[in-house]
Amino acid sequence: MSDIIRLLPDHVANQIAAGEVVQRPSSVVKELLENAIDAGAKHISLIIKDSGKTLIQVIDNGKGMSMTDARMAFERHATSKITNANDLFNLHTKGFRGEALASVAAIAHVSLKTKREEDDLGTILEIEGSKVTNQEPVVTPVGTMLSVRNLFYNVPARRKFLKSDNVELRNITDEFHRVAMAHPQVGLRFTSNDTELFNLPSSNSRQRIVNIMGAKTNEKLVPVEEETELVTISGFIGKPEFARKTKGLQYFFVNDRFIKHNYLHHAVVSAFEGLLKDKNNPTYFLFLEVPKDSVDINIHPTKTEVKFDDEHSLYAIVRASVKHALGQFSIDAIDFEKEPQYEVPYEYSKKNTSLPKIEVDPDFNPFSNGTVSKKQTPSFSKPAPQAWESLYTGLDETSQLLDETEETLMAPSMFEEESISRNIFQLQRKFIISTLKSGMLVIHQNRAHERVLYEQLLKHITVQRGTSQQLLFPLRLNLPVDEVAILTQLQEQLEQTGFIFKTLENNLVEIDGLPIQLKEKDVPVVLEAVIRDSELDLPKESFSQSDRLAATMARGMSIKSGESMSQEAMENLVDELFACKESELTANGKKVFVNITGESLNLKFN
Ligand code: ADP
Ligand code: MG
């Protein structure tokens, strides 16, 4: 049998190796920005088209390259940054593998223009799929301009794996943010499809964070400072109320390099213990300076994971310094843990739970023939709804009550035969109870409202524009530029629901009108939910964009558990719910109500 092992042709080997470094447009952005930083640039421009799929261009005013170096830069393992393995433990640069440019050149059309201070002329170099197609002298300013066009043009499988433009843009923005935060002294600009998303002047760390995240961030930052032998920590944590459900604003930098570190993340989270509402994530921007030889950044090709010598001590120091910072600003745990509307109202919590009064007439004789006077009848005085509520204040979860009861999901047809009587009351500020001839209906107020709003909003988005309530004064919100850009993309649909936008540019959102069902105070929450949701990469088929927008807005706008509702509001909601096309489930498939039949109650008393 003949031998079977062959060497792969260079271009195949290059493409495979490239896959390690370049998974998506944002990987290219990261490598190019880091090269510019390593070259000592004071200003860097990032320009992309179609989320980097068509063009990624980075222009810096760094030290540039000689003609020979320009050529060498694209060879695999060609680097000016280390000369031997020991240098790995004394890195002063972001790059060191000498792989990035070679990888990018293997899978894209690349053009490089570069010039050093000391040279009269610069160099232009063009490469396609690792082959140099042109190299000549050129007039160009000091620094380097690298353009990457048609990424993955020769690796269709990879191109196919790219996510939607929104998601890839988000990834690129994330990389841009990381580099920008790690190097506040470097001026940075970011332009996407001819729109300038960021223009960040050279500044200090705090200003940089605020310039990226929006002016409102400033008041939410609490500084963290700690100096020990092992590590110097600086940066900021977000006040607990700045925490949000979605992950995201969590940044660790080690020696100016963005890293991910689950263990240290845990240290921060545990320092916030008790200060955050359920499942909210703390915000932090923490910069750790450690001795260069106490950290190994060599364990992962994309270099966001690192290994420290003494992780346990580091954990303790990070945790303590965050706690210290939180304490210094005397943020009282109790203030943030409780949300007033979820609390048992004061008068209820102090009240002894009292049972409904039973009046017993000791003289009552059921066998006597005499007319039974009303007074003699054993009667249960009917408790007012509020008294009923107080009965349950000791009960943690109403589900306890429901779990013991047979639940049957009511078929909508049941309503054709029996109407809901107007005997409606609220239980635990979470459920609406309504009696039926056949038993009772327990309606989840939040989900019911969500269902109603979802159907209304979907109709407005797709068929008939919703009514707007004009605001007396325009509502102004400062959001990061990329988030405003997302709203711009959704502007038409949002306006269909009733929003009237006066301004949607840079980091300013001005709103003149709101959907009639939306309360002004809920606007930031609803828009934030819409933005977060658009960044999730859900399969397109599962839900149309209109569907998603309606569902997300409905969730944000709906009456929450814990809110008390007037009799009239409850009646309207129940009517609207059963006028819906689908009343049983929310847009996300959650049960809206249960029907407890008289029969199942009878069984309980057996
Ligand atoms: P690494 O950054 O790991 O050294 P790269 O493939 O990213 O590897 O770059 C190869 C070399 O090209 C670098 O070591 C550097 O000398 C040079 N280089 C790359 N980008 C620039 C730039 N923007 N300005 C100056 N030199 C650069
Ligand atoms: Mg590099």
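The values are calculated or read from the model by the stated rules, or taken from the named source; none is laboratory data. Note that the structure is a prediction, hence the values are computed from the model and not measured. Ideal geometry is used to build each Cβ from the backbone, glycine not excepted, and the neighbour counts take in all protein chains shown. Note: accessible area is taken over every heavy atom of the protein model, side chains too, but ligands, DNA and RNA are not part of it. Shrake-Rupley method; radii C 1.70, N 1.55, O 1.52, S 1.80 Å.
Nearest 0.05, what FRET efficiency do K279 and K81 give at R0 = 60 Å with Cβ-Cβ as r? Each step should come with its number before you reach the end.
Numbers: r = 42 Å, r/R0 = 0.70.
Efficiency, from the Cβ-Cβ distance: 0.90.
Residues of segment 50-79 with backbone nitrogen within less than 15 Å of a virtual label 7 Å along the Cα-to-Cβ line of Q135, please, listed as ranges. Once the point is set 7 Å along Cα→Cβ of Q135, 65-76, 78-79 turn out to lie under 15 Å by backbone N, inside segment 50-79. Sorting Y315, Y153, Y251 on solvent-accessible area from highest to lowest, probe radius 1.4 Å, gives Y153, Y315, Y251. The amide H of L55, built 1.01 Å from its N in the peptide plane, has K49, N150 as neighbours under 5 Å, considering only residues 5 or more places off or on other chains. Simple spin-label estimate for R6 and E20 gives 2.3 nm between the two label positions (7 Å along the Cα-to-Cβ direction from each Cα). The charge dipole of segment 111-225, taken about its Cα centre with unit charges on the Cβ atoms of Lys, Arg (+1), Asp and Glu (-1) only, comes to about 560 debye.
Amide H contacts for N298 (H built 1.01 Å from N in the peptide plane; partners 5 or more residues away or on another chain; cut-off under 5 Å): K307.
Between I516, A485, Q445, the Cα set farthest toward the positive side of the dipole of segment 431-597 (charges on each charged residue's Cβ, about the Cα centre) is that of Q445.
Each residue, L475 and N298, gets one label point 7 Å from its Cα in the Cβ direction; the gap between the two is 5.5 nm. Computed from backbone phi with θ = phi - 60° and the Karplus coefficients 6.51, -1.76 and 1.60, the 3J(HN,Hα) list for segment 490-505 is 9, 3, 4, 5, 5, 5, 4, 6, x, 5, 10, 9, 8, 9, 9, 8 Hz; x is used for glycine and proline.
Suppose accessible area is computed on protein heavy atoms with a 1.4 Å probe; arrange I212, I516 from highest to lowest. List each step's numbers first, then the result.
Working: I212 0, I516 100 Å².
Reading off the accessible areas and sorting them downward yields I516, I212.
Counting only protein heavy atoms and using a 1.4 Å probe, what share of the accessible area of segment 136-189 belongs to carbon plus sulfur, as a whole percent? Carbon and sulfur atoms account for 56 percent of the accessible area of segment 136-189. The heavy atoms of T597 present about 40 square angstrom of accessible area, all protein chains included, probe 1.4 Å.
Remark: segment 198-208, residue by residue, has Karplus-estimated 3J(HN,Hα) of 9, 9, 9, x, 4, 7, 8, 4, 5, 4, 4 Hz, where x stands for each Gly or Pro and the curve is 6.51 cos²θ - 1.76 cosθ + 1.60 at θ = phi - 60°. The GluC sites (Glu not before Pro) of segment 202-234 that DSSP puts in a loop, and whose beta carbon has at most 10 other beta carbons within 10 Å, are E229. Proximity of backbone amide H atoms, modeled 1.01 Å from N, is registered between G235 and V224, F287 at under 5 Å, excluding neighbours fewer than 5 places apart on the same chain.
Which of the pairs K279/K307; K279/K459; K216/K245; K245/K581; K459/K581; K220/K323 have their Cα atoms more than 21 Å apart in this structure? Could the numbers behind the result be given before it?
Working: K279/K307 28 Å; K279/K459 32 Å; K216/K245 18 Å; K245/K581 31 Å; K459/K581 12 Å; K220/K323 16 Å.
Flagged as over cut-off: K279/K307; K279/K459; K245/K581.
Using only side-chain charges placed at the Cβ, +1 for Lys and Arg and -1 for Asp and Glu, the dipole size of segment 10-202 relative to its Cα centre rounds to 500 debye.
Accessible surface for segment 10-202, divided over its residues, is 44 Å² per residue with a 1.4 Å probe.
Counting only protein heavy atoms, what percent of the accessible surface of segment 218-315 is carbon or sulfur at a 1.4 Å probe? Show your work: numbers first, answer last.
Numbers: 2110 of 4580 Å².
It is 46 percent, rounded to a whole number.
Placing a label point 7 Å from the Cα of K581 along the Cα-to-Cβ line, the residues of segment 462-499 whose backbone N sits under 19 Å from it are 462-467, 493-494, 496-498. What the phi angles of segment 272-278 give under the Karplus curve with 6.51, -1.76 and 1.60, with θ = phi - 60°, is a coupling list of 7, 3, x, 9, 10, 5, 2 Hz, glycine and proline written as x. For segment 213-331, dividing the convex hull volume of the Cα atoms by the residue count gives 105 Å³ per residue.
Note on Q250 and S566: the extension gain reaches 109.6 nm, defined as 0.36 nm multiplied by sequence separation minus the Cα-Cα distance.
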